[in-house]
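What follows is a set of notes on a single structure, which appears directly below.
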Amino acid sequence: MKMKWFILASLIIIGFFFYRTGLYKLHTVEVPEVREDNLIHFSKAPENIGERYWVKGEVDHVFKSESSNYFINFCEVYKDCPFSGVIFSEQSANFEDIEKHEGEFIYIYGSISTYEDRPQIIIEDPVQIKKKSLKK
């Protein structure tokens with residue numbers, strides 16, 4: 001009987017450790033390496049609706065809505081831009097300092113969809129965003 005309590009207590013302690021350290025958060029999206037054959041410029045997103053690509057470009061600004069959704073915009077006027085990256089509030093806790101991407105050249109991976117006829121990728125996991133390396 002003591003052994004059962006010991007095992008139960010051990011599992012609770014281990015579970016609490018994984019919860020507190022965030023190790024329970026496994027990546028929910030599998031992403032391929034960035035290659036020429038799976039990479040497009042953000043201006044080409046409207047031509048590739050329904051496809052999975054790495055979309056590249058320099059981030060003009062990041063906007064946080066009243067509902068805490070984040071929009072990664074590649075143009076000064078987002079309504080005129082052919083593409084945005086979207087992080088919904090439910091996933092935003094998984095990301096560190098989303099605004100840090102302003103001015104960076106990044107890649108965003110996912111399925112290109114539309115919202116109100118504007119192409120976007122919904123970003124659910126930090127592995128879907130990569131900062132462009134300066135190496136060639």
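What follows is calculated from the coordinates using simple rules that are stated; it is not laboratory data. Since this is a predicted model, take the numbers as computed values, not measurements. Cβ sites come from the backbone with ideal geometry, for glycine too, and all protein chains shown count toward neighbours.
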Amide H of Ile123: which non-local residues (sequence gap of 5 or more, or other chain) have their own amide H closer than 5 Å, using H built in the peptide plane? Val86, Ile87, Phe88
Collect residues whose amide H, placed 1.01 Å from N in the peptide plane, falls under 5 Å from the amide H of Lys132; neighbours closer than 5 in sequence don't count. Phe105, Ile106, Tyr107
How would you order 36-45, 55-64, 95-104 from highest to lowest mean count of nearby Cβ atoms within 10 Å? 55-64, 36-45, 95-104
Which number gives the lysine pairs in the range 30-131 that have C-alpha atoms under 15 Å apart and are eight or more places apart or on different chains? 6
Cβ neighbours within 10 Å, averaged per peptide: list 112-118, 84-90 in order, most packed at the top. 84-90, 112-118
Compute the signed sum of charges (Lys and Arg +1, Asp and Glu -1) over the other residues within less than 15 Å, Cβ to Cβ, of Ile49. -1
How big is the dipole moment of the range 30-131 about its Cα centre under a simple scheme where the beta carbon of each Lys and Arg is +1, that of each Asp and Glu is -1, and everything else is neutral? Debye, nearest 20, please. 140
Mind pulling the angle between the C-alpha long axis of helix 2-21 and the longest principal axis of the chain? Nearest 10 degrees, somewhere in 0 to 90. 20
Going residue by residue through the range 88-99, the Karplus relation 6.51 cos²θ - 1.76 cosθ + 1.60 with θ = phi - 60° gives ³J(HN,Hα) values, rounded to whole Hz and with x marking Gly or Pro, of 6, 4, 4, 9, 4, 5, 7, 10, 9, 6, 4, 5
